[in-house]
Amino acid sequence: MLGSTGSDGGEPGSDWPGSGRKVREGRRRKSTVPRWARLCTIFGAVLVVLSGVVLVGFEAVLARYEGAVAEEDLFGDKSAGAAAEKKSDIKGPLNILLVGIDPRQPETPPLADSIMVLHVNATLDSAYLFSMPRDLLVDIPRFDKAGYPGDRTKLNAAMAHGSRVPGERLPDAAQGFELLSLTVSKVTGIKRFDAGGIINFGGFLKIVDAMGGVTMYIDQNVKSEHRRPDGTHRTLRPGGGGYLGPQAEYKKGTRHLEGWQALDYVRQRYPENGVTDGDYGRQRHQQQFVRAMADQALSKDVVTNPIKMDSVLRAAGKSLIFSGRGHKLIDFGFALRNLRSDSIQMIKLPGGGVGTGSNYRGEKFQPVAEDFLDALQAGQVDEFVLSHPEIINKVK
C-alpha cells in the first residue's frame, strides 16, 4: 500500500478529479477519520465474522448474524441478466475485493479510501492480501449506467464516478463498486471477483469497542501528531503547519490499545514522530493492526463470552455491504473456516509517483509489483513470493 501525497483524511471531494484543488506533499489537514485506519477496517471486520464461524460454530453464528449484513448486487449481475447460479459449494482459488469508504454527506459521491484484494489459494487455507494504491494512475473504463465516458485518472475516483445515477440526487455506492471492480480487474488481470464487500468506517469503532480493544506489537517508539495522551485532539497551530500540545506516545513492545489508540498509531507516518521509514512503516503498522484485530477476535476473552461475541458480530454486520454472487457471507465464512490470520501473507506492492510537486498525477507500480500480478494471473503466486521475499510485509 503506497501513501498518496494527499492527507490522511481530507475534506469531502478533496481528491475529486477536476475539483481544482492540488494536494501537495507535506500539506496536513485536520481529520477525525484517518485513511490508513479505514484501510484496516476492511479486512479486520471480515476476519471477525470468519473467526466467529470457526470458534462458535456455523449454526450459532448463522442464528445471530442472519439478516445483519446488507447484501446487494455489487457486480451488476442482476442488472445484466446474468446473475450467477449458486453452486453446491465454494471452491478455490478465490479473489475477493474489499473496499472501505467514509460516508460524509449523503449527496457526496463515495471515494474508495481503501482498496484491498484477498487472494485465497485453491486449498482455501492460505491467502495473500494486497492493497491497490488509491492514487494509482489507471484507465477507468466507460460506464453507461452512470453516464461516465471513461478517463485516465486516480483509481479511487472510479467508485465516485460509477456511483452517479442519472436523474437522481443521491449516489449509489453499490453501483460505484461495480465500476471500481471493473477497473481493478483491468489493472490486476483478475477477470472475475468471487465476492466483494463495502465497509464503512462508522461501524468499525463499534467493532473495536465490542472486542475491548486490541493487543498488538509496536515495533518502534512513535508519537502522535494528532492526539493528546487522553485521546482528545491536539490544537491546530495558528496559521497552519502542524499541531500544538502534548502528544500521545506508543512505546516499543507488546501493548493493549483502546480503539482510538490503535487507530491513531496506524495513522502516523512522519519521521519526526518516530516512523523512520515513512509510508512503508505506516503500511507495516496497519498490517500489524489487521493481524492483531483478527487475533483478538480469536481470543478466549471474546469467544467464551456470548454477549461480547454477539456484539462483535452484529457490529461487523452493520458495517458491511456484501455480495457473494449467489452465496451469503456466512457461506464464505464456513468455506474459509480453516483460514487463520497466520496463514495470510501481507504483500506490499512498491511503486512511485508520476510527476512531482504541482505536477504530481498519481502513482505507478514498480516492475516487481507488475510481476506479482502477472504471477497471480498465471497461478504461480506461491512460487513468485517464494523467490521474491522482499514483497512480504512481515507482521510480528
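Would it be correct to say that residue 370 is at pLDDT 85 or above, touching a Pro at 6+ places or on another chain (Cβ under 9 Å) and either farther than 16 Å from residue 93 by Cα or among the hydroxyl-bearing types (Ser, Thr, Tyr) (or both)?
On the way: at pLDDT 85 or above: yes; touching a Pro at 6+ places or on another chain (Cβ under 9 Å): no; either farther than 16 Å from residue 93 by Cα or among the hydroxyl-bearing types (Ser, Thr, Tyr) (or both): yes.
Against the criterion (at pLDDT 85 or above, touching a Pro at 6+ places or on another chain (Cβ under 9 Å) and either farther than 16 Å from residue 93 by Cα or among the hydroxyl-bearing types (Ser, Thr, Tyr) (or both)), residue 370 does not qualify.
If you check every pair at least six apart or on different chains, which have Cβ atoms under 8 Å apart with a residue in region 258-270 that is among the hydroxyl-bearing types (Ser, Thr, Tyr) first and a residue that is modelled with pLDDT under 85 and crowded, with 21+ Cβ neighbours inside 10 Å second?
Note: pairs meeting the criteria are 265/285; 265/289.
From the set of residues in region 332-362 that are under 18 Å from the mean Cα position of the chain (by Cα) and hydrophobic (A, V, I, L, M, F, W, C), which is farthest from residue 387 (Cα to Cα)?
344
Pull up region 132-172, narrow it to residues that are more than 13 Å from residue 108 (Cα to Cα) and free of Cβ contacts under 8 Å to residues at least 24 places away in the same chain, then point me to the one that is farthest from the chain's Cα centre (by Cα).
This residue is 167.
Suppose we keep only residues that are in a helix (DSSP H, G or I) and charged (D, E, K, R) within region 184-209. Which one would you say is modelled with the highest pLDDT?
If we take residues in region 184-209 being in a helix (DSSP H, G or I) and charged (D, E, K, R), then 186 is modelled with the highest pLDDT.
Between 336, 329, 349, which is buried (at least 19 other Cβ atoms within 10 Å of the Cβ), touching a helix residue (DSSP H, G or I) at 6+ places or on another chain (Cβ under 8 Å) and at pLDDT 85 or above?
Values: 336 fails: at pLDDT 85 or above; 329 fails: at pLDDT 85 or above.
Within the list 336, 329, 349, the selection yields 349.
Output the residue which, of all residues in region 139-197 that are farther than 24 Å from residue 93 by Cα and among the basic types (Lys, Arg), is surrounded by the most Cβ atoms within 10 Å (Cβ to Cβ).
Among those residues, the one meeting the criterion is 154.
Can you tell me which residues in region 119-155 are of a type in the set (Gly, Ala, Ser), under 24 Å from residue 96 (Cβ atoms) and in a loop (DSSP other than H, G, I, E, B)?
Selection gives 122, 126.
The values are calculated or read from the model by the stated rules, or taken from the named source; none is laboratory data. The model shown is predicted, which means the values in this text are computed figures rather than measured ones. All Cβ positions, even for glycine, are placed from backbone atoms using ideal geometry, and neighbour counts span all protein chains on display.
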